[in-house]
Amino acid sequence: MMNLAIFASGTGSNFDAIMTAIEDGKLEANVSLLVSDRIDAGVIEKAQRRQIDTVVFNPKSFANKEAFEKALLKDCKDRGVEWIILAGYMRLIGSTLLMAYEHRILNIHPSLLPAFPGKDAIGQAYDKQVKLTGVTVHYVDDGMDTGPIIDQEAVRIHEQDTKDDIKQKIQAVEHELYPRVIQSLTIKEESR
Ligand code: GAR
C-alpha cells in the first residue's frame, strides 16, 4: 500500500477527497502526513479531525528553501513516506525534495496544461473566455506546472458561468480524478 504525504496550502477539499476515497476503499493508500506552509489553511483542521499527523511550517522562519525542505524531508522519511501528493500547495518544489522523491511527487492543477500555469488558473481561463478548460495531474519537476502529464479531464465553460461556477465544476472533477490517478499509480507500482 502506498504511503503518502499530502502538501496543501488551502482549504483542503482535495485532501478530503483523497481521504474519502481511501475510506471508501477506492484508493488503496495510507496518508501518514499533512504538510502545510500556511498556519491559517483550512486543510489543517481537516487533517486534525481525521487524526492525520500534521506539520505546519512558516517558510520565513528558515534561511532558505533548502533549509525548510531538509526539515520536511526528515518529516517524510521518519514516517516512511513514498509519494508526495501536492493538493493546492502553492510553492515550487526545490531540488532537495525533487532529488529525494524523483518521479514520486504529483500535482493537480485546475487547467488543461500547458494552458494557464501558475496562480489563479481558473481566473485566467475565465478572463480569456475560453470555452474549454479542465484539470491536469502531472509529475512535478523544477518548473512551474511543467512536469510530465499523467492525466487530464476537460470542463466546458458556458456563456453564463461565473468564476465560481467554473471553480465548482473544476473541483468536482478534481475530487474524482486525483484519487483515481493515485490509485492507478499504486497498481502500476505493485505490478513491478
Ligand atoms: C485546487 O483547485 C488545485 O487544483 C489548485 O488549488 C486548489 C486547492 O483547493 N492548485 C493549484 O492551483 C496549483 N497550481 P483545495 O485546497 O480545496 O484542495
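The values are calculated or read from the model by the stated rules, or taken from the named source; none is laboratory data. The structure displayed is predicted, hence computed values, not measured ones. Note that we place each Cβ from the backbone using ideal geometry, even for glycine, and neighbour counts take in every protein chain shown. Areas reflect the complete protein model, heavy atoms only, side chains present, ligands, DNA and RNA absent. Shrake-Rupley method; radii C 1.70, N 1.55, O 1.52, S 1.80 Å.
Give me the pairs: first residue in the range 87-104 and on the phi > 0 side of the Ramachandran plot, second residue open to solvent by less than 70 Å² (accessible area, probe 1.4 Å) and within 16 Å of the ligand (Cβ to nearest atom), beta-carbon distance under 7 Å, and six or more apart or on different chains, which are they?
Note: pairs meeting the criteria are Gly88/Ala8; Gly88/Ser9; Gly88/Gly10; Gly88/Asn14; His103/Tyr139.
For (1) aliphatic (A, V, I, L, M); (2) within 22 Å of Ile122 (Cβ to Cβ), each residue gets a yes or a no:
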{"position": "Leu4", "(1), (2)": "yes, no"}
{"position": "Thr11", "(1), (2)": "no, yes"}
{"position": "Asn14", "(1), (2)": "no, yes"}
{"position": "Ile22", "(1), (2)": "yes, no"}
{"position": "Ala41", "(1), (2)": "yes, yes"}
{"position": "Ala63", "(1), (2)": "yes, no"}
{"position": "Ala71", "(1), (2)": "yes, no"}
{"position": "Lys74", "(1), (2)": "no, no"}
{"position": "Ile85", "(1), (2)": "yes, yes"}
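Based on what the data block shows, is Arg156 of a type in the set (Lys, Arg) and under 21 Å from Ala21 (Cα atoms)?
The answer is no for Arg156.
Can you tell me how many residues within the range 12-44 are within 12 Å of the ligand (Cβ to nearest atom) and open to solvent by 90 Å² or more (accessible area, probe 1.4 Å)? Can you show your working first?
Step one: of the range 12-44, the residues within 12 Å of the ligand (Cβ to nearest atom) are 12-19, 34, 36, 38, 41-44.
Filter again for open to solvent by 90 Å² or more (accessible area, probe 1.4 Å), leaving 38.
Total satisfying the criteria: 1.
Of all residues in the range 46-85 being within 16 Å of the ligand (Cβ to nearest atom) and free of Cβ contacts under 8 Å to residues at least 12 places away in the same chain, which is surrounded by the most Cβ atoms within 10 Å (Cβ to Cβ)?
So, considering only residues that are within 16 Å of the ligand (Cβ to nearest atom) and free of Cβ contacts under 8 Å to residues at least 12 places away in the same chain, the one surrounded by the most Cβ atoms within 10 Å (Cβ to Cβ) is Gln48.
For residues that are in a loop (DSSP other than H, G, I, E, B), more than 9 Å from the ligand (Cβ to nearest atom) and either open to solvent by less than 90 Å² (accessible area, probe 1.4 Å) or touching a strand residue (DSSP E or B) at 6+ places or on another chain (Cβ under 6 Å) (or both), tally how many sit in the range 104-131.
Our first condition is that a residue be in a loop (DSSP other than H, G, I, E, B); within the range 104-131, this holds for 104, 110-120, 129-131.
Filter once more, so that each one left must be more than 9 Å from the ligand (Cβ to nearest atom): 104, 112-116, 129-131.
Among the residues that remain, those that are also either open to solvent by less than 90 Å² (accessible area, probe 1.4 Å) or touching a strand residue (DSSP E or B) at 6+ places or on another chain (Cβ under 6 Å) (or both) are: 104, 112-113, 115-116, 130.
Summing the residues that are in a loop (DSSP other than H, G, I, E, B), more than 9 Å from the ligand (Cβ to nearest atom) and either open to solvent by less than 90 Å² (accessible area, probe 1.4 Å) or touching a strand residue (DSSP E or B) at 6+ places or on another chain (Cβ under 6 Å) (or both) in the range 104-131 gives 6.
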